[in-house]
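Below is one structure, written out as structure tokens, with a few remarks after it.
The values are calculated or read from the model by the stated rules, or taken from the named source; none is laboratory data. This structure is a prediction, so every number in the text was calculated from the model and none was measured. So basically every Cβ, Gly included, is an ideal-geometry build from the backbone, and we count neighbours across all protein chains shown. The protein model used for the area step is the full one, side chains on, heavy atoms only, and it has no ligands, DNA or RNA in it. Shrake-Rupley method; radii C 1.70, N 1.55, O 1.52, S 1.80 Å.
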Amino acid sequence: MLNLVLFGAPGAGKGTQAEFLIESFGLIHLSTGDLLRSEIGGGTELGLAAKAFMDKGELVPDEVVIGMIKSKLDTNQDAKGFIFDGFPRTVDQAKALDKLLNENGTPVSGMLSLEVEKQELINRLLNRGKISG
């Protein structure tokens, strides 16, 4: 199983690169933002817990996000691998992800750090805002 972690600032191209990797290797894309929206939209227990924190303007605790990731791993046990986009962001999250993947016998295969000059990031995000409104 191929498990990749993508690092980079907003606008660095994580989503774009993830699409290429998904197409090339048949991996499942795990974006924390997408997971949160999906779980909240689905009204799951974890989604409702996350929404409660978000509605108060607080960060969603690691255990809730890890729970969502675990759920996604459990429902895709036949996957060729996963791309983790935007997670982990902290040492504690990295340790939790490492533990979760090792419990499933599928450790992280590699990490990719996308580095982009600050002005280019600003340009990309401004353009993204124009397109998405």
- Close lysine pairs (the chain; alpha-carbon distance under 21 Å; 8 or more apart or on separate chains) counted at 14
- Query: What number in nm² do you get for the chain if you take the convex hull of its Cα atoms and divide its surface by four?
  - Reply: 8.9 nm²
- Task: Can you find, among L46, T16, I122, the residue farthest towards the positive end of the dipole of the chain? Put +1 on the C-beta of Lys and Arg, -1 on that of Asp and Glu.
- Result: I122
- Interchain or long-range residues, amide H under 5 Å from L2's placed H: G81, F82
- Here the range 85-133 gives, from Cα atoms, an Rg and Dmax in Å of 16.0, 43
- Between L48 and T16, what is the label-to-label distance in nm when each label sits 7 Å out along the Cα-to-Cβ direction? 4.1 nm
- Note on the structure: Once amide hydrogens are built 1.01 Å from N within the peptide plane, the residues lying 5 or more places from G8 or on another chain with amide H under 5 Å from its amide H are L114
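In µm²/s, what is D for the range 46-94 at 20 °C and 1.002 mPa s, where D = kT/(6 pi eta Rh) by Stokes-Einstein and Rh is the Kirkwood radius from Cα pairs?
Answer, rounded: 178 µm²/s.
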- Note on the structure: With +1 at each Lys and Arg Cβ and -1 at each Asp and Glu Cβ, the charge dipole magnitude of the range 14-110 around its Cα centre, to the nearest 20 debye, comes out at 100 debye
- Task: Starting from the amide H of H29, placed 1.01 Å from N in the peptide plane, find each other amide H under 5 Å away whose residue is 5 or more places distant or on another chain.
- Result: I83
- Query: Ignoring ligands, DNA and RNA, what percent of the accessible area of the chain is carbon or sulfur (1.4 Å)?
  - Reply: 54 percent
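Return the tail of the calculated pair distribution for the range 13-90, meaning the percent of Cα-Cα pairs more than 17 Å apart.
It works out to 47 percent of all Cα pairs.
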- Potential extension, A9-L112 segment - 0.36 nm per residue separation minus Cα distance: 35.9 nm
- Note on the structure: Given a 1.4 Å probe, the accessible area of the chain per residue, as a whole number of Å², is 62 Å²
- Computed over the chain: relative contact order in percent, which uses C-alpha pairs under 8 Å that are six or more apart: 46 percent
- Query: Given the chain, what percent of its DSSP beta bridges are antiparallel, to the nearest 5?
  - Reply: 0 percent
